[in-house]
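Working notes for the structure below.
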Amino acid sequence: MSKPATPQAVRGTQDMLGEQAERFDAVVRGFDRLRRLYGFGRVEVPVFEATAVFARSLGETTDVVSKEMYTFEDRGGDSLTLRPEFTAGIARAYLTEGWQQHAPLKVATHGPLFRYERPQKGRFRQFHQLDAEVIGAAEPAADVELLVLAAHLLDELGIADGVTLTLNTLGDTATRDAWRAALVAHFTAHRDALSPESVDRLARNPLRILDSKDPRDRPVADAAPSIDAHMSAEAGAFFERVTGGLEAAGVAWTRDARLVRGLDYYRHTAFEFVTDRLGAQGTVLGGGRYDGLIEALGGPHTPAVGWAAGIERLAMLIDPPAPEHVTVALVPMGAAAEAAAMRLLADLRRQGIAADMAYKGNMKKRLHKADATGARYAAIIGDDELASGEVGLKDLANGSQQWVRLDALAAAVVAH
């Protein structure tokens, strides 16, 4: 009988080890530190939801719902979907868990998301995002705080240089509806010049034609009506307060009047942080205000704003994190010494000292393993050391060695 083939990773997924995993972790740790600094509480929502949560919130005509969601029927016959984004699930929880009592609610999370799309640089079918939301705040100050948090995060990760904040407004409902009608009229008049995909979008989601990457669409898209011609006084004032807040906080931005968010629930502020260091798909963080989402899910009108950032894409931009080294490597020789080393190992770790021990090998091999881990010290324990109640503490940087009592090993390491 032939040996069965080794299973391979599913296309669009990834396994991480070493530097790649450390970069990923550095992004998450930086985000967690800042979200605490800004008063954003940690939130967790399910990896899958009823399909209606995403279909109703994202819009049936969006590419995410129509082409990219992982949707399946469970054994009970219910239609479920692996989450393609965080916002809809958080909004659903806001309604069903009674979180309205905490409004305005500032929350943040990170974790895996799922979309069936063509894998490309920094984009996967199971990917990971950071996410920050403010729910229940209609004030422009909420938009400003989230944008300042995003800019601070990029600075914290050391990637702010070469990343530009592009900002636009989608206006209030009246503004967006009037602009959408003008866009439909414009694109319909030039229908024959559009790509097949944009002709399809004309019926389903005409705003997405504005950011089409197809060169056939650019002349028509570039000549499309501007939202500014349809802006209400209220929407214009809102945008001015957002940009004024950014300037007060020292966050640089540039206007992109063609910037849109394709999902149906967006209003007012739309933004992306973009770079040319990741090829054509240069967005590393994006979001906006989604005042219509919770209402679309059956709740009351609830203003909200948020953003998401791809962890993989941020991790590609940061400098490799400094390797984390073990402080003390224990080198026991003999069964009795191994038992004593296990006690010492537990004691060192409980006192916050990074310690490790090779599972097997002679003294030379274990010392080599200790050196390979980048350990500062090797603590050598044999029968003679056990008899004297001391351990040989060797400084692997300069080769010097001192004798330290077994029960004072942790203190000796800390003292150095």
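Taken together, the values in this text are just the output of simple stated rules run on the coordinates, not laboratory data. On a predicted model such as this, the values are computed, not experimentally measured, just so you know. Backbone-built Cβ (ideal geometry, glycine too); neighbour counts: all protein chains shown.
Values computed for the structure shown
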| item | result |
| --- | --- |
| Theoretical FRET efficiency, 1/(1+(r/R0)^6), r = Cβ-Cβ of Gln126 and Ala296, R0 25 Å, to 0.05 | 0.40 |
| At R0 = 35 Å, FRET efficiency that the Cβ-Cβ distance of Asp200 and Thr96 yields, to 0.05 | 0.50 |
| Selected from Trp307, Trp403, Trp179 as most flexible by GNM, with the chain as the system and alpha-carbon contacts under 10 Å | Trp403 |
| Mean separation of Cα contacts under 8 Å (6+ apart) over length of the chain, as relative contact order % | 16 |
| Inter-label distance for Tyr359 and Val47, nm, one decimal - labels placed 7 Å from Cα along Cα-to-Cβ | 2.7 |
| Proximal lysines relative to Lys3, as straight alpha-carbon distance under 17 Å, when same-chain residues fewer than 8 apart are discounted | none |
| Gained length - Ala372 relative to Lys67, 0.36 nm times residue gap less alpha-carbon distance | 105.0 nm |
| Mean separation of Cα contacts under 8 Å, 6 or more apart, over the residue count of the range 220-288: relative contact order % | 24 |
| Global size of the chain as Cα Rg and Dmax, reported in angstrom | 27.7, 93 |
| Additional length obtainable on full extension of the chain from Asp211 to Arg277, 0.36 nm per residue less Cα span | 21.8 nm |
| Selected from Val27, Val199, Val242 as most flexible by GNM, with the chain as the system and alpha-carbon contacts under 10 Å | Val199 |
| The chain, dipole about Cα centre (Lys/Arg Cβ +1, Asp/Glu Cβ -1), debye to the nearest 20 | 900 |
